[in-house]
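Here the structure is laid out as structure tokens; the discussion comes afterwards.
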Amino acid sequence: MNSLASQTADNGVTREDGRYALPATTQIELPTGYRPSADEEYMNPRHLAYFRNKLRDWRDQLVEESRQTMDNLREEVRDVGDEAERATRETENSLELRTRDRYRKLISKIDKALRRIEEGRYGYCEETDEEIGVDRLDARPIATLSLDAQERREHLQKQMGD
């Protein structure tokens, strides 16, 4: 089998071009308190399972908070006494809806990260194809750029006045 061919292990994890892909249906048991280490092979199945669990938990939390926001807005009494109280309520509703929109965008990024895990692209920079790094991904699991690529992009945006 040549190096470009894909290999599938018994547990459903596939490896193509030296990278692992973790299908959504594949479950990997992680030891209690497991944290990815730079000493391990980068983005091995345990790393991918750790980040998939982290992303799924984060997504579930955001979905639940969004659901609660919508429930609160539906249950809220619309007949508020004076204009000042009505203005305060409208401001609060506006802030909640903006937060919900931010959550919606974040959930979309989480879904894309989960797809990258399934496709074997998670943990690698979209621009340079270099490793993003375990520490950076642990802090920001939806990161798609290495630190250097992110800094270049921000510098360019600053120059463009974006």
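The values are calculated or read from the model by the stated rules, or taken from the named source; none is laboratory data. For clarity, every value in this text was computed on a predicted model and none was experimentally measured. We place every Cβ from the backbone using ideal geometry, glycine too, and count neighbours over all the protein chains shown. All accessible areas refer to the heavy atoms of the entire protein, side chains included, with ligands and DNA or RNA removed. Shrake-Rupley method; radii C 1.70, N 1.55, O 1.52, S 1.80 Å.
Overview of values
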{"quantity": "Residue-normalised accessible area of the chain, given per residue in Å² at a 1.4 Å probe", "calculated": "67 Å²"}
{"quantity": "Dipole moment magnitude, nearest 20 debye, the chain about Cα centre, only Lys, Arg, Asp, Glu C-beta charged", "calculated": "280 debye"}
{"quantity": "Ranked packing of 135-148, 32-45, most packed first, by mean Cβ within 10 Å", "calculated": "135-148, 32-45"}
{"quantity": "Rel. contact order, % - alpha carbon contacts under 8 angstrom, at least six apart, the chain", "calculated": "22 percent"}
{"quantity": "Highest-fluctuation residue, 91, 26, 69 considered, GNM on the chain with Cα pairs under 10 Å", "calculated": "91"}
{"quantity": "Simple Cβ-charge dipole of region 15-92, Lys/Arg +1 and Asp/Glu -1, about Cα centre, in debye nearest 20", "calculated": "580 debye"}
{"quantity": "Structure-derived volume of the Cα convex hull per residue in Å³: which label, when the choices are (i) 143; (ii) 132; (iii) 159", "calculated": "(iii)"}
{"quantity": "Region 36-75 versus region 89-139: alpha-carbon centroid distance in Å", "calculated": "10 Å"}
{"quantity": "Expected 222 nm ellipticity per residue - DSSP helices of 4 or more, -39500 (n - 2.57), all of the chain, to 500", "calculated": "-19000 deg cm²/dmol"}
{"quantity": "Candidate lysines - alpha carbon under 24 Å from residue 54, same-chain residues fewer than 8 apart omitted", "calculated": "105, 109, 112"}
{"quantity": "Carbon plus sulfur fraction of accessible area for the chain, probe 1.4 Å, in percent", "calculated": "45 percent"}
